[in-house]
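To start, the structure under review is shown below, and the notes come after it.
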Amino acid sequence: MKIVTYNINGLRPRVAQYGSLLRLLNSLDADIICFQETKITRQDLSADLSMAEGYEAFVSCCRSSSKTRGGYSGVATFCRVTSAFSSQEVALPVTAEEGFTGLLEGPKISDKQLPEFSIEVPLKIEGFEEDITKEEILKLDCEGRCVITDHGHFVLFNIYGPRADAEDKERIRFKLLFFKILQKRWEVLLNLGKRVVVVGDFNIAPFAIDRCDADADFEKNMFRKWLRSLLRNSGGCFYDVFRSKHPERQGAYTCFSQHIGAEEFNYGSRIDHILIAGPCIHEDHEVEEHSIFDCHVTHCDIVTEFKRGSSDTLSKWNGGRRTKLEGSDHIPVYVKLTDIPNLPVHSTPALAVRYLPEVRGWQQSIVSFLRKSQSLQQKEDASNLSSETSCELSSSQENQGCTTGINQEKKEFFAKRKSLHPIKDTKRAKGSSSSQLTIKSFFKRPGEEPSFSSDQIFSDEVDVCNSQDMICSKEKGNAATLEWQRIQERMKTSLPLCKGHREPCVARSVKKGGNIGRLFYVCARAQGPATNPEANCNHFQWASYKSKDKK
C-alpha cells in the first residue's frame, strides 16, 4: 500500500494543469492520496473537482465567514478502489469523519469501530492561562484542516497545520490549540491499541537539518519543540518516517518560497510529514517488541520529480515577485506499507463526496438541464413544423418569388462578408428583439439554411465595422506592447549592479512601515544557501529620490 501527502496549493489550478482530476491522481500512483490547501468551499464542490473514476473522496472545506480565510485551506483524501460501494480493500475506509474535535455535525468514527471522542469544556490545557471554551474548540474545525479515515488496520489523519507569524498572537494561540487538541485525539486512539498514521503539511520543520541556513535558535521555537516531543527519540510514540529512514540526509526539503525563487537552489524546508505509531498487525508478536513502523513500513521518500525546478523551462526565476511558476510550491511525500491484509466486506462511508448534497445536487441539475433542453427542442421542432406548413399553404406564387429574391441577396451579402472577415460574430444590434439568437439556432440540422430578418442584416453590417475597429485596436495594442518592451530594456540599463555578480538589480518598494512606497534595489537572482556563490548575493540599495519638501 502506498500513501501520498501533497500540499497542492489549490485543487482547481492543479486539475487544470493536468487536464483532469483523474490524470492528477494517476500521476501520483498511490492507493491513498492526501491533499492539503485545496482552496475550495462546499459551494465550489463539483464532480470535476472531487470525483474521479476508481477513487472515493473525503473532504473538509473552510467554513469560516472571514473574508481573509474564505475559500482558504481545505483538505481532501482520495482512496483508490476497484469497487466503489462495497469492497474488502484497505484503501476504502470503514468510516470517515470531518474535523477532529468531534463537535462538527456529520458522521463520526465512533460507531462499533471506536468509542466516541469527546472534549469536556471548559478545558484546561498546559500553556494556556485561561480555560478553553467550546466555541474556541469548534473554530479549530471551521477552517477545513482535517479529515479522518478509519481503514480498519490503522486510522489516517490528513491535516493542514495553521501558519502563524511571530507577531500574530491570535494565530499563534490558534495553532497551539490546534495541535494540542489533535494530540489528545491521537492519545485516545493509541491508548486503545489502535495504529495511527498522520500525514500532511504541518507548517513545522522539527530540526535544523530540515531547514536551509537554520540559525542557532531555530530549534527553540515552541512548535518545533512540540513536534519533537511526539517522536520516539524524545520519549514520544510516533516515528517521523522520513527522518527515521534517512537520518543523515541533507537538503531534503518539501516546501519552497515562491517569492524568492527558492527551488532553483534548493533553498527550502521540510514541513510536510508522515508520522506513524502503534503496534504491528502480526498477531503472533508482542506489542512491546514490534511496531507498525518496524514490521510494515518499507519505503518513505520525497517525490522530487514534482519539483518545479526539475525542468529548466519552468524553474528559471527572473527576479520578479509576480513570477508565476506552474505547479505547487510543495513536493509530495510518500510511504509504502507491506503485509496489510484485506478487511471484511464493507460499504463506502456516508462522508464520501458522492453522497454530499452539493455534488449530488450538481449532478442532478445537469441531468435535469439536459432533459429540459431535449424536451424544449422537441416542442420547438413541432411548433416550427406546424407554422412552416401553414405558411406554405397560404403563400402565393408572387410572394414566394419575392422571398426567394431576398434570400438570394442575403446569401450573396454573407458570402462577401465571410470572404472579407471570416470571424464569427455573435453581437446583434441593440433594441432589436428579432436579433436575439434562439435555442433552436444552436441545433440546426446539417445543410439547413438559417433565416434572417432585415434588422439582423443591418446588425451584421455593423459587426463588420466593429470587427475592423477591433483589428485597429489590436494593432495599436501590439504597438503599445512593443513600446513598453523597449522602455523595459532602457530601464534595465539604468538599474544599479549588484555587488556580488555585477548584474542589474530588480526594483522593489516598501509595503508597510515608515518608508512605505519607497523604492529600493536588490539582487535579481533566486535565493539560495549562503555557501552558494551562484545564489542571491543579498545586495540591498535604497533608490535615490528628492523630497517633495525641497525646492
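The values are calculated or read from the model by the stated rules, or taken from the named source; none is laboratory data. Keep in mind the model is a prediction, meaning the values are calculated, not measured. All Cβ positions, even for glycine, are placed from backbone atoms using ideal geometry, and neighbour counts span all protein chains on display. To get the accessible areas, we keep the full protein, side chains included, count just its heavy atoms, and leave off ligands, DNA and RNA. Shrake-Rupley method; radii C 1.70, N 1.55, O 1.52, S 1.80 Å.
When each of I125, I109, I119 is tested for being of a type in the set (V, I, T), under 27 Å from I3 (Cβ atoms), modelled with pLDDT under 95 and in a loop (DSSP other than H, G, I, E, B), the lone residue that passes is I109. Residue pairs whose Cβ atoms lie under 9 Å apart, sitting 6 or more positions apart in sequence or on different chains, and linking a residue in segment 495-509 that is touching a residue at least 60 places away in the same chain (Cβ under 8 Å) to a partner that is of a type in the set (K, R), are V506/R321; R508/R321. Residues in segment 507-544 that are assigned to a loop (DSSP other than H, G, I, E, B) and over 26 Å from G268 (Cα atoms): 8 in all. The set of residues in segment 7-49 that are buried (at least 21 other Cβ atoms within 10 Å of the Cβ) and touching a His at 6+ places or on another chain (Cβ under 9 Å) comprises N7, I8, I32, Q36, E37. Per the conditions (1) under 21 Å from P529 (Cβ atoms); (2) modelled with pLDDT under 95; (3) surrounded by fewer than 18 Cβ atoms within 10 Å (Cβ to Cβ), the sole criterion not satisfied by H285 is (1). I'd like to know if segment 52-75 contains one or more residues that are within 15 Å of Y355 (Cα to Cα), modelled with pLDDT under 95 and either of a type in the set (V, I, T) or not in a loop (DSSP other than H, G, I, E, B) (or both). The answer is no, given that none of the residues of segment 52-75 is within 15 Å of Y355 (Cα to Cα), modelled with pLDDT under 95 and either of a type in the set (V, I, T) or not in a loop (DSSP other than H, G, I, E, B) (or both). Of all residues in segment 190-219, exactly one satisfies the criterion of being closer than 22 Å to V241 by Cβ, acidic (D, E) and open to solvent by 40 Å² or more (accessible area, probe 1.4 Å), namely E219. Of all residues in segment 220-243, those satisfying the criterion of being crowded, with 17+ Cβ neighbours inside 10 Å, in contact (Cβ under 8 Å) with a residue 24 or more places away in the chain and not in a loop (DSSP other than H, G, I, E, B) are F223, W226, L227, L231, F238, Y239, D240, V241, F242, R243. Residues in segment 198-218 that are of a type in the set (F, W, Y) and not in a loop (DSSP other than H, G, I, E, B): F218 only.
Quick one: which of E263, E187, E248 is assigned to a helix (DSSP H, G or I), open to solvent by 60 Å² or more (accessible area, probe 1.4 Å) and not aliphatic (A, V, I, L, M)?
Values: E263 fails: open to solvent by 60 Å² or more (accessible area, probe 1.4 Å); E248 fails: assigned to a helix (DSSP H, G or I).
Exactly one residue qualifies, and that residue is E187.
For segment 325-341, the set of residues classified as farther than 17 Å from R12 by Cα and open to solvent by 40 Å² or more (accessible area, probe 1.4 Å) consists of Y334, K336, T338, D339, P341, listed by residue number.
Scanning segment 153-184 for residues that are of a type in the set (G, A, S), over 19 Å from the mean Cα position of the chain (by Cα) and open to solvent by less than 40 Å² (accessible area, probe 1.4 Å) yields one hit, A164. Scanning segment 5-51 for residues that are in a helix (DSSP H, G or I) and basic (K, R) yields R12, R14, R23, R42.
Pairs meeting the criteria (first residue in segment 1-28 and within 15 Å of Y334 (Cβ to Cβ), second residue small (G, A, S) and open to solvent by 10 Å² or more (accessible area, probe 1.4 Å), beta carbons under 6 Å, at least 6 apart or on different chains) are L25/A52.
Checking the condition touching a helix residue (DSSP H, G or I) at 6+ places or on another chain (Cβ under 6 Å) and either closer than 21 Å to P349 by Cα or part of a loop (DSSP other than H, G, I, E, B) (or both), which residue from L92, L103 passes?
Values: L92 fails: touching a helix residue (DSSP H, G or I) at 6+ places or on another chain (Cβ under 6 Å).
So the residue among L92, L103 that is touching a helix residue (DSSP H, G or I) at 6+ places or on another chain (Cβ under 6 Å) and either closer than 21 Å to P349 by Cα or part of a loop (DSSP other than H, G, I, E, B) (or both) is L103.
Quick one: in segment 466-524, which of the residues that are basic (K, R), open to solvent by 60 Å² or more (accessible area, probe 1.4 Å) and within 33 Å of the chain's Cα centre (by Cα) is modelled with the lowest pLDDT? Ranking the qualifying residues of segment 466-524, first place goes to K512. Taking the stated definitions as given, is L190 within 14 Å of F238 (Cα to Cα) and of a type outside the set (G, A, S)? So L190 fits the description; yes.
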